[in-house]
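Have a look at the structure below, then the notes.
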Amino acid sequence: MRHTANAPLLALRSRALFGTVRVPGDKSISHRALMLGALASGRTHIRGLLQGEDVLNTGRALAAMGCPVRPVEDAWEVLGRGVGGLAAPAGPLDFGNSGTGVRLMMGVVAGNDILVRMVGDASLSRRPMGRVLDPLVRMGAEVVDGARTLPLSLRGTGDLLPITYELPVASAQIKSAILLAGLHAAGETSVIEPEATRDHTERMLGYFGGRVNIGLRDGKRLVTVLGNAELEGRSIEVPGDPSSAAFLAAAALMVPGSDIRIEAVLVNPTRTGFYKTLREMGADIAFHNEREQGGEPVADISVRHSPLKGVRVPPERAPSMIDEYPILACLAAYATGETYMAGLAELKVKESDRLAATLAGLKANGVRAGAQGDCLCVDGGSGVPGGGMVETHLDHRIAMAFLTLGLAADRPVSVDDTGMIATSFPEFRGLMQGLGATFATPEDVRR
Ligand code: S3P
C-alpha cells in the first residue's frame, strides 16, 4: 500500500494517563519470524505478529516468492520452502517504508538462483543499500539494473561463498543480511561487530535449528553461522515492541499524575538502552515478572510520572536505543538541565534524517536544542511552549515522538502527517487515547 494523502494531527495537553496496556509485536522479531519461517521446511505459526505495513510488506514479498503467509485464527502461518527454495517473483517486490524488510530480504534472496526487483517509497529510495550489497556481492550475488539505492534488481545464486566480514557500522540489518545469506553458503559465514547490535537473528536462528556460534575476536563479538542449513518450522510468540512502548513510557513520565503498566514487552539487553537512560534520569520505572518467551526476555513495565534530570548518553549506548533518540530528545525537554546524546551518526540515515528532523521539531515548539556533528543537546526544564508544526518527512517515529511531546506542552503540538505511523504502530493513537491522551484533527479544532 502506498501512502498518499497527508493526515495531520494535533496533540493537546492531557489529563493524567492511567491503565494497563499491551503494545503490538516487536517489529524486528516479526520480520525475522516471517523470513525464517519461509526458509524453514514445514509450517511456522506466529502469534503476536506486528500487523504494521512494514511487516505486511515482508509477508507479501515472501508470498510472491512462493511462501504463503496467511492469518489463521489468532495467529499467522508461513509455509516454508526450505533454504534455497524461493521461486522468482512475477513482478517487483515493494518494501514500502521498511529498511529492515528490504535489507534482510536481500540476504534471503542472495542464496537463491533468482532475479528480484526491489522497490520502496520515497523515504526508502533515499536510504543507503551499498552497506548490505557490498558483502552480498562478495559472496556472489549480483546487482543488475540499479546501484546503491532502490530501485534495483538483485540476482542471487545457488553457489554463494561464505565470508568473514567486519561491519563498517554497528548495524543489525547488515549483520542479519549476511547471516541469512550465510545459511545458503557452503561453509561458515562470520560477522564481526564493532559494537553489539540487536541479536534477534542469532537467537531465532538457533530456535529454528540453525547452527550459530557466538564468540570473540580481538575483543569484538563474532557471530558464525553454518551454511547449507536445514531449518525446521516452529511456533513463535512475538513479544511487545520496546520501541513502541517507549512512546507510552515517555508520555507517562511527561504528564503529571500518570501511572501506567505495559505488559509483555521485549527486554532483550540489546534493545533496552532507552529504559536504562530513563532510570539514570530519575524515572520511576520498573520491570516486573521477568520471564522468557520464544527465546527472548520479556517483562511488564510500570511507569509513573517523575521529575527528571538531564543526563549524558554515551555513544556506545546508541545501538541499544537507536530508534528511541527522537522520543528521548522530546522527553529531555521536560527534564531539568541539559541532556547530551552522542554517537548519533546512524540517525541521519533512518526513515528520515532523524537528527535534523528532531532538532527542527523541538525548535518549532520552543525547546532549546542544538546539534553538532553526530551529537544532539536538549536544554530542558523551562516548560515546552508548543504551538509548532512538525515536519515528519515520511518518518513514523518523528510523528509519534512529537505527538507525545504535545501531551504536556503549553499549546498543542501539530504533526504534518500521521499516515506513516501505520508502518510500525497502527494502534498508537487508540492506545494513547485509551490511557487518557487527547489528540485532535485540524477539523476538530476549527469546529
Ligand atoms: C533493525 C535495526 C536497526 C533499527 C531498525 C530495525 C533491525 O537498524 O534502526 O529499526 O530489525 O535489525 P540498523 O541495524 O541499520 O541500525
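The values are calculated or read from the model by the stated rules, or taken from the named source; none is laboratory data. The structure displayed is predicted, hence computed values, not measured ones. Neighbour counts run over all protein chains shown; Cβ positions are idealised from the backbone, glycine included. Please note that ligands, DNA and RNA were not included when accessible areas were found on the heavy atoms of the full protein model with its side chains. Shrake-Rupley method; radii C 1.70, N 1.55, O 1.52, S 1.80 Å.
Applying the Karplus relation 6.51 cos²θ - 1.76 cosθ + 1.60 with θ = phi - 60° to the range 365-377 yields 3J(HN,Hα) values of 10, x, 8, 7, 8, x, 9, 9, x, 9, 10, 10, 10 Hz, where x marks Gly and Pro. In the context of the full set of protein chains, the range 292-411 has a per residue accessible area of 33 Å² (1.4 Å probe).
Between 144, 384, 367, the GNM of the chain built on Cα springs shorter than 10 angstrom shows 144 fluctuating the most.
Binning the alpha carbon pair distances of the range 226-376 at 5 angstrom intervals from zero yields the distribution 2, 9, 18, 20, 18, 14, 9, 5, 3, 2, 1, 0, expressed in whole percent. A 1.4 Å probe over all protein chains sorts 375, 330 by accessible area into 375, 330, starting with the largest.
Just the number, please: carbon plus sulfur as a percent of the accessible area of the chain, 1.4 Å probe, no ligands or DNA/RNA counted. Walk me through the intermediate numbers first.
Numbers: 7780 of 16020 Å².
Carbon plus sulfur share of accessible area: 49 percent.
Taking 7 Å steps out from each Cα toward its Cβ at residue 438 and residue 90 produces label points 5.2 nm apart.
Here residue 348 is the anchor, and the aspartates and glutamates within straight C-alpha reach of less than 13 Å, apart from those fewer than 8 places off in the same chain, are 323, 374, 395. Among the GluC sites (Glu not before Pro) within the range 77-178, not one is in coil by DSSP while having at most 16 neighbouring Cβ atoms inside 10 Å.
Per-residue 3J(HN,Hα) values for the range 203-210, derived from phi via the Karplus relation 6.51 cos²θ - 1.76 cosθ + 1.60 with θ = phi - 60°, read 4, 6, 4, x, 5, 7, x, x Hz in sequence order (x marks Gly and Pro).
Taking every protein chain into account, the accessible area of the range 115-242 amounts to 39 square angstrom per residue (probe 1.4 Å). Across the range 140-163, the residues whose backbone nitrogen lies under 16 Å from the label position 7 Å along the beta-carbon direction of residue 228 are 158-163. Normalising the average separation of contacting C-alpha pairs (under 8 angstrom, six or more residues apart) by the number of residues puts the relative contact order of the range 1-152 at 19 percent.
Only Lys, Arg, Asp and Glu carry charge here, each on its Cβ (+1 for the first two, -1 for the last two); on that basis the range 242-311 has a dipole of about 220 debye about its Cα centre. Its Cα centre serving as origin, the range 286-355 has a Cβ charge dipole (Lys and Arg +1, Asp and Glu -1) of approximately 320 debye.
Spin-label pair residue 161-residue 148: with each label point 7 Å from Cα along the Cα-Cβ axis, the two points sit 2.2 nm from one another. Pick from 286, 64, 249: which is most flexible by mean-square fluctuation in a GNM of the chain where alpha carbon atoms under 10 Å apart are linked? Looking only at 286, 64, 249, the biggest GNM fluctuation is shown by 286. Rounded to the nearest angstrom and listed largest first, the equivalent-ellipsoid semi-axes of the range 1-105 from its Cα gyration tensor are 31, 18, 10. When the Cα atoms of the chain are aligned to their principal axes, the ranges along those axes come out at 61, 49, 43 Å in descending order.
Say R0 is 51 Å: what FRET efficiency, to the nearest 0.05, do residue 290 and residue 447 get from their beta-carbon distance?
Values: r = 47 Å, r/R0 = 0.92.
Using R0 = 51 Å, I get an efficiency of 0.65.
Backbone geometry of the range 189-200 corresponds, through the Karplus equation with coefficients 6.51, -1.76 and 1.60 at θ = phi - 60°, to 3J(HN,Hα) couplings of 10, 10, 10, 9, 9, x, 9, 4, 10, 3, 10, 5 Hz, x marking Gly and Pro.
Working out 0.36 nm times the residue gap between residue 235 and residue 374, then minus their Cα-Cα distance, what length gain in nm do you get to one decimal? Mind showing how you got there, number by number?
On the way: separation 139, 0.36 × 139 = 50.04 nm, distance 4.11 nm.
Extra length available between residue 235 and residue 374 comes to 45.9 nm.
If both residues of a DSSP beta bridge must be in the chain, then about 75% of such bridges are antiparallel. Here the chain is treated with +1 on each Lys and Arg Cβ and -1 on each Asp and Glu Cβ, and its dipole about the Cα centre works out to around 380 debye. With unit charges on the beta carbons (Lys and Arg positive, Asp and Glu negative) and the dipole taken about the Cα centre of the range 47-119, which residue among 55, 107, 79 sits farthest to the positive side? The Cα lying farthest towards the positive end belongs to 107. Extending 7 Å from the Cα toward the beta-carbon at both residue 316 and residue 382 defines two label points whose distance is 3.5 nm.
In straight-distance terms, cross-link reach from residue 350 covers every one of the lysines whose alpha-carbon lies under 23 Å from its own, apart from those fewer than eight places away in the same chain; here that gives 27, 175, 276, 363.
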